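The values are calculated or read from the model by the stated rules, or taken from the named source; none is laboratory data. Keep in mind it's a predicted model, so treat the numbers as computed, not measured. Counting neighbours? That spans all protein chains shown, and the Cβs are built from the backbone with ideal geometry, glycine included. Protein only, heavy atoms only, side chains kept; ligands, DNA and RNA dropped before computing areas. Shrake-Rupley method; radii C 1.70, N 1.55, O 1.52, S 1.80 Å.
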Amino acid sequence: MARLNIIIILFLLSFQAVFSQTKEIKGDTAFWNKRDVKFEKKLDLKNFEQSTDEFNFRFRNRGQVIEISKNDSVYSGNITNFIYHNKRANRNNTDTLSNKITLSSKQAEEIYKIVKKSKIIDLPTDEKIENWKHGFDGIVYIIEHSDKKEYWLKSYWTPRAQDSIPEAIIVLDLINNLSETLDLEDVYSSFKNTLPRKGCYDSGGTTYMCYATNSFELGYSGATKLPLGFYLCYSATYVGKAKVDSGIALQYNFDNNGFHHLNIQYAKWNMFYKTTNITDFVVYNYQNRLLNFDGSKNKFENHQIGYGLYLKNHVGLGMGFDFISRQYNKLGAHLYAYKSFSKPNVSVTLRTSIFDNQINYKAELFKSFFFNYKFPIRRVSLGLAYEDFMDYKDLYFSIRMLF
């Protein structure tokens with residue numbers, strides 16, 4: 001029993017010792033009560049409340065946090081870059097990506113001198129400053145500093161909009177000096193260059209930066225004469241940090257008697273033109289067919305290569321060459337035309353190859369259905385196509401799902 005009492009007394013003493021170190025909180029207490037403690041932990045920021053350092057200072061801008069500390073004659077500090085990331089536009093699951101750069105002792109000391117000289121330590125939060133205006137779409141700078149006894153938190157809404165009042169000039173001078181001394185803009189640009197080129201990013205403001213989402217499409221592909229088959233397609237704007245602007249598709253139709261039609265297509269866009277009104281593309285298409293012509297097997301290989309333009313109003317035009325090998329060795333011209341209509345979500349494609357006395361063509365019609373962004377499938381497309389190839393005629397039908 002005596003031993004238990006001793007343990008309880010020691011616990012109470014340690015409990016009291018811990019909470020007796022809690023500092024007095026001053027400044028923007030309204031913000032303090034609402035601040036996101038999880039965010040501080042996620043970025044591994046220093047706890048100024050519990051720190052026993054002689055001096056701590058933190059400056060928070062959109063996407064960056066600068067921290068410095070002084071204890072006796074030892075200076076330390078770091079820059080934390082951060083950004084909010086959604087893997088897909090309009091998705092709710094947001095990640096916070098960040099990196100931390102350690103400042104040298106000399107850099108930290110230089111920032112300490114800038115802070116001390118700026119008089120920001122003596123400046124009250126903006127709510128206590130006469131004539132300081134507030135709004136909704138500006139930028140808020142957050143200043144925190146502490147010593148061994150007190151912790152201050154202050155916020156300043158858009159100092160550039162304050163009609164040059166003296167307190168706003170103090171904040172602006174500090175912002176400019178920190179930015180120039182630490183090259184904050186270049187540091188943040190370097191951080192953003194390391195990010196995956198997919199999804200959407202924002203640094204806490206109203207401006208979003210989104211990359212075209214890489215997509216994967218799969219589905220069933222069949223025909224009246226080749227009823228079995230599948231379709232696969234993957235397109236990407238970026239792979240890692242490399243900008244690729246390309247896609248590859250595979251379509252395979254077959255039956256139970258050994259006949260088949262294999263189609264592999266590779267396309268690359270934004271080759272020479274990339275404007276709001278026009279982009280260009282290069283496409284290579286390989287086809288391998290074993291077809292039933294009046295009870296006999298006929299094998300064909302096609303090599304098609306073309307160049308084209310996508311114009312405004314969802315129009316595409318292209319031309320190139322088509323070479324048929326194996327049983328036939330012919331070189332012909334290949335033409336391509338595409339048009340999509342946004343309101344009914346319908347697209348029409350026509351491909352034709354012209355040889356000496358032979359015209360091959362394929363006409364495709366697709367109807368697409370788009371889903372809410374929370375649904376795992378982004379689009380379902382129903383397709384119908386008619387092809388006349390070397391007087392071999394077939395009707396194709398397909399269903400494709402885009403993820």
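The residue that is surrounded by the fewest Cβ atoms within 10 Å (Cβ to Cβ), counting only those in segment 272-304 that are among the hydroxyl-bearing types (Ser, Thr, Tyr) and assigned to a strand (DSSP E or B), is Ser296.
Quick one: is Gly222 touching a residue at least 60 places away in the same chain (Cβ under 8 Å), open to solvent by less than 70 Å² (accessible area, probe 1.4 Å) and of a type outside the set (Phe, Trp, Tyr)? It is true that Gly222 is touching a residue at least 60 places away in the same chain (Cβ under 8 Å), open to solvent by less than 70 Å² (accessible area, probe 1.4 Å) and of a type outside the set (Phe, Trp, Tyr). Answer yes or no as to whether Lys198 is in contact (Cβ under 8 Å) with a residue 40 or more places away in the chain and either surrounded by fewer than 17 Cβ atoms within 10 Å (Cβ to Cβ) or over 24 Å from Tyr84 (Cα atoms) (or both). So Lys198 fails the test.
Close Cβ contacts (under 6 Å, 6 or more residues apart or on different chains) running from residues in segment 169-193 that are open to solvent by less than 20 Å² (accessible area, probe 1.4 Å) to residues that are part of a helix (DSSP H, G or I) comprise Val171/Pro159; Leu174/Ser118; Leu174/Ile120.
Sort through Ile175, Ile142 and tell me the only one that's aliphatic (A, V, I, L, M), over 30 Å from Val283 (Cβ atoms) and part of a strand (DSSP E or B).
Working: Ile175 fails: part of a strand (DSSP E or B).
So the residue among Ile175, Ile142 that is aliphatic (A, V, I, L, M), over 30 Å from Val283 (Cβ atoms) and part of a strand (DSSP E or B) is Ile142.
If you go through segment 117-131 and pick out every residue that is in a helix (DSSP H, G or I), over 39 Å from the mean Cα position of the chain (by Cα) and either touching a residue at least 24 places away in the same chain (Cβ under 8 Å) or more than 13 Å from Glu144 (Cα to Cα) (or both), you end up with 2.
For Ile324, state whether it is open to solvent by 30 Å² or more (accessible area, probe 1.4 Å) and in a strand (DSSP E or B). I'd like the intermediate steps shown before the answer.
On the way: open to solvent by 30 Å² or more (accessible area, probe 1.4 Å): no; in a strand (DSSP E or B): yes.
In short, no.
Could we say that Asn313 is within 29 Å of the chain's Cα centre (by Cα) and free of Cβ contacts under 8 Å to residues at least 12 places away in the same chain here? Yes, satisfied. For Tyr307, the conditions (1) among the hydroxyl-bearing types (Ser, Thr, Tyr); (2) over 23 Å from Ser325 (Cβ atoms); (3) touching a residue at least 24 places away in the same chain (Cβ under 8 Å); (4) open to solvent by 60 Å² or more (accessible area, probe 1.4 Å) all hold with the exception of (2). When each of Arg62, Arg58, Arg88 is tested for being over 28 Å from Leu184 (Cβ atoms), at pLDDT 60 or above and surrounded by 14 or more Cβ atoms within 10 Å (Cβ to Cβ), the lone residue that passes is Arg88.
Determine, yes or no, whether Asn71 is at pLDDT below 75 and either loosely packed, with under 10 Cβ neighbours inside 10 Å or touching an Asp or Glu at 6+ places or on another chain (Cβ under 6 Å) (or both).
On the way: at pLDDT below 75: no; either loosely packed, with under 10 Cβ neighbours inside 10 Å or touching an Asp or Glu at 6+ places or on another chain (Cβ under 6 Å) (or both): yes.
Spelling it out, it is not the case that Asn71 is at pLDDT below 75 and either loosely packed, with under 10 Cβ neighbours inside 10 Å or touching an Asp or Glu at 6+ places or on another chain (Cβ under 6 Å) (or both).
Residues of segment 353-374 include at least one that is assigned to a strand (DSSP E or B), under 27 Å from the mean Cα position of the chain (by Cα) and free of Cβ contacts under 8 Å to residues at least 24 places away in the same chain. Could you tell me which residue of segment 380-398 is most open to solvent (accessible area, probe 1.4 Å), considering only residues that are farther than 18 Å from Gly229 by Cβ and free of Cβ contacts under 8 Å to residues at least 40 places away in the same chain? Per the stated criteria, the residue is Asp391.
Let's see how each residue does on (1) in a strand (DSSP E or B); (2) in contact (Cβ under 8 Å) with a residue 24 or more places away in the chain:
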residue: Asn47; (1), (2): no, no
residue: Gln50; (1), (2): no, yes
residue: Asn56; (1), (2): yes, yes
residue: Phe59; (1), (2): yes, yes
residue: Glu67; (1), (2): yes, no
residue: Lys70; (1), (2): yes, yes
residue: Ser76; (1), (2): yes, yes
residue: Asn81; (1), (2): yes, yes
residue: His85; (1), (2): yes, yes
